[in-house]
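The values are calculated or read from the model by the stated rules, or taken from the named source; none is laboratory data. The shown structure was predicted, so the numbers you read here are calculated from the model rather than taken from an experiment. Cβ: placed from backbone, ideal geometry, glycine included. Neighbour counts: every protein chain shown. Side chains are part of the model used for accessible areas, which takes the heavy atoms of the whole protein and leaves out ligands, DNA and RNA. Shrake-Rupley method; radii C 1.70, N 1.55, O 1.52, S 1.80 Å.
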Amino acid sequence: MSLSKWNRRSVMSGMLRGASVAVALPCLDLFLDGNGEAMAATGSPIPTRFGTWFWGCGVNEKRFFPDAVGRDFAFKEESIALAPLKDKITMFSGFNAYLDGQPNLTHWSGIMTTLGGTVPTKGGNGQGAAPATTLDCLVADHLGNGTRFKQLGIACTGQSNVSFSMRAGTTVNPAEVDPLALYTRLFGTGFQDPNSGTFKPDPNVMIEQSVLSSVKGQREALNRAVGSADRHRLDQYYTSVRELENQLAVQLQPPPRADACVVPKAPAGMEPGTTWEDATAMHDRLTDLLVMALACNQTHVFHVALSQATSNLRKAGQSIALHELTHEEPIDPKLGYQIEATFFLERVMGLYANLLTKLDKVKEGNGTLLDHSLILATSEANLAKLHTLESLPIVVGGSAGGRWKAGQHIAGKGDSVTRVGLTIQQALGMPVGTWGTGGNETSKTIGEVMA
């Protein structure tokens with residue numbers, strides 16, 4: 001048997017007194033990749049996943065960021081839900097978004113700079129144009145081409161356009177908002193159970209691929225006939241066509257075995273809402289499906305939007321939402337924060353922790369799904385009342401299969417938030433030396449987290 005044939009499920013077989021016998025092998029270095037991470041049962045390395053997780057309207061700085069730097073830090077009131085996962089969490093403070101002379105587009109400049117590396121010039125009040133492709137899309141270009149879905153998006157308040165996953169321009173990657181629709185998309189027609197041991201290509205997929213292939217020559221001829229402006233439009237269109245072609249090609253190949261994949265049952269129908277109770281219940285239902293989509297290798301990249309940037313989350317029975325509270329509620333002079341707004345801010349990290357905990361319960365190789373992921377959580381402002389862009393809240397869960405040193409609080413001391421994005425890209429193996437533009441351009445990674 002060649003080296004490539006051996007894996008954790010291999011056995012040594014033979015005959016003893018006329019009967020066949022099989023002896024299981026212990027965990028050997030042969031079964032590990034270069035970082036000491038166990039490979040999948042097929043002998044292939046366990047894939048790395050990446051996600052972004054967004055919440056609107058920031059934090060109370062003194063109640064969110066740890067005081068101590070390094071590994072010996074303690075969580076505060078608004079981040080305490082992360083404490084059980086401390087060894088798998090990286091907290092960042094002191095990383096800023098620099099405006100480069102542009103106006104602060106409220107509830108927009110911060111998130112686009114963090115996820116895109118470039119200050120936006122169009123938009124505000126939580127929406128607008130993306131001046132550059134966002135981090136999840138860049139990572140999807142690197143990690144997502146071998147899966148059925150290059151990336152997935154979910155939103156928790158029922159609006160599919162609430163997404164901060166964007167290519168340069170004004171078009172957002174739409175989010176799934178209905179658990180049953182997401183289940184059907186992931187595990188309905190077209191899904192091939194990676195552990196079933198059987199594979200039969202879908203004839204409908206074969207027809208679709210044939211149709212796309214048949215017009216390739218016409219696409220090339222059209223491209224030669226149009227002007228530069230139309231060519232740019234066609235390039236954007238062809239990008240989506242190529243992604244569809246790649247997705248179809250994946251579906252025509254047997255899926256690799258995924259030991260952690262357990263096909264879930266179809267969820268019950270659920271109405272979306274903007275109350276805290278409705279949004280958190282929706283987050284729970286959607287992320288259950290998302291976690292198993294990752295475990296079954298249906299996608300490796302995702303984006304979650306808990307709410308709008310101008311957060312529309314509210315308490316049951318009340319009409320005033322978080323965004324309005326952050327701007328109109330006075331700061332309590334004794335406590336130093338807005339009491340009603342802080343009701344939500346104290347609970348946000350609990351939802352993020354719930355997702356990380358779900359990932360950490362899925363065993364993969366000698367670790368967990370969380371160990372083989374990096375999940376970036378962030379908001380569009382520090383103090384939403386003033387739209388501040390200094391020390392934007394950033395938390396990363398996971399360790400990228402051993403390539404990221406978690407369990408730390410890193411202080412940026414006024415550096416651009418793009419240092420975090422650049423470090424993530426390099427930890428994921430992307431050939432990127434610099435990232436960002438203008439005052440946010442950087443070639444300096446965060447060495448403390450690089451394994």
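Annotations
- Sorted peptide list for 360-366, 145-151, 50-56, criterion being average Cβ within 10 angstrom, highest first: 50-56, 145-151, 360-366
- The simple Förster model, with R0 at 30 Å and r as the Cβ-Cβ distance, assigns residue 180 and residue 347 a FRET efficiency of 0.70.
- Subtracting the Cα-Cα distance of residue 318 and residue 444 from their residue separation scaled by 0.36 nm leaves 40.7 nm.
- In this structure the amide hydrogen of residue 58, modeled in the peptide plane, comes within under 5 Å of the amide hydrogens of 380, 381, none closer than 5 places in sequence on its chain.
- For the stretch 254-290 and the stretch 364-389, distance of Cα centres in Å: 19
- Checked against a 20 Å cut-off, the cross-linked pairs 385/413; 62/413; 76/361; 88/361 give Cα-Cα distances beyond that limit for 385/413; 76/361.
- Interchain or long-range residues, amide H under 5 Å from residue 374's placed H: 49, 50, 51, 400
- Whole-number accessible area per residue in Å² for the stretch 341-451, which is evaluated in the context of all protein chains at 1.4 Å: 30
- Estimated Rh, the stretch 64-189: Kirkwood, alpha-carbon pairs, angstrom: 17.1
- Hz values of 3J(HN,Hα) by residue in the stretch 84-90 - Karplus curve (6.51, -1.76, 1.60), Gly and Pro given as x: x, 10, 3, 5, 10, 10, 10
- Under 5 Å, built H, 5+ apart or other chain: amide partners of residue 122: 129
- Packing-based order for 429-439, 160-170, 285-295, using average beta carbon neighbours within 10 Å, highest first: 285-295, 160-170, 429-439
- In terms of the mean number of neighbouring beta-carbon atoms within 10 Å, the peptides 126-133, 98-105, 376-383 order highest first as 376-383, 126-133, 98-105.
- Within the accessible surface of the stretch 380-442, defined with a 1.4 Å probe on protein heavy atoms only, the carbon and sulfur portion equals 53 percent.
- The reciprocal of the average 1/r between distinct C-alpha atoms defines the Kirkwood hydrodynamic radius, which for the stretch 55-96 equals 11.0 Å.
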